[in-house]
1. Over the stretch 57-165, what relative contact order in percent results from Cα pairs under 8 Å that are six or more residues apart?
2. Counting other beta carbons within 10 Å of each Cβ, put Val152, Val54, Val42 in order, fewest first.
3. Which of the aspartates and glutamates could a cross-linker span from Lys53 if the Cα-Cα distance has to be under 13 Å and same-chain partners fewer than 8 positions apart are dropped?
4. Given labels modelled 7 Å from the Cα in the Cβ direction, how far is it in nm from Ala81 to Asp137?
5. Viscosity 1.567 mPa s, temperature 4 °C: Stokes-Einstein D of the stretch 31-166 from its Kirkwood Cα radius, in µm² per second?
6. What size of dipole, in debye to the nearest 20, comes out for the stretch 57-165 about its Cα centre when the only charges are +1 on Lys and Arg C-beta atoms and -1 on Asp and Glu C-beta atoms?
7. With r as the distance between the Cβ atoms of Asp165 and Ala39 and R0 = 22 Å, compute the FRET efficiency 1/(1 + (r/R0)^6) and round to 0.05.
8. If eta is 1.002 mPa s and T is 20 °C, what Stokes-Einstein diffusion coefficient results for the stretch 114-166, Kirkwood Rh from Cα pairs, in µm²/s?
Amino acid sequence: MYAFGRLGTHMTQLSARREGGFGFLELIITLVILALLTAIAVPAYSGAVSRAKVARAIGEIAALSLEIDKFSLGNNDQFPATLTDLPIDVPLDPWGQAYQYLNIRTAGPGKGAIRKDGKLNPLNSDFDLFSAGEDGDSAGPLSAKNSRDDVVRANNGAFIGLAEDY
């Protein structure tokens, strides 16, 4: 019994030392796992936020396009000169910039400000409405590097989406 008592005391001391907390190796493994999870989660979250902003811009451009059409119906088929002529509060795009609008009928054909696709064909024949996207910059045809992230209305409203998808 005496030998068992000493053995029991010795085992209790060993288990007390092991219950003291994490060892260095366990701590390093935990940190590596957390770093890997972070490396996977942050880009996935950023991508989801970016897709949500594009979806919001698409929805807002569709709603503004309907408001412009309603304005036209009530004003002898005339489009507004600017978005501020609409009877609604026009929101900023998801990136904090104003939506870009051009009444093509009053601008006239061949006007340089009319948005064009990669083959330099006009996107619309009624009006242009778009967001300059995340970079807030847009230039030339949709194939231009600065225009690829734009959210555009094309084919007189039949397409609303990212310029790079058009």
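Coordinate-derived values only; no laboratory data. Everything numeric here is computed off the predicted structure, so don't read it as measured data. Cβ placement follows ideal geometry from the backbone for every residue including glycine, while neighbour counts extend to all protein chains displayed.
1. RCO, the stretch 57-165: 23 percent.
2. Ranked by crowding around the Cβ, least crowded first: Val42, Val54, Val152.
3. Qualifying aspartates and glutamates at Cα under 13 Å: Asp93, Glu134, Asp135, Asp149, Asp150.
4. It is 3.2 nm.
5. 81
6. 460
7. 0.20
8. 203
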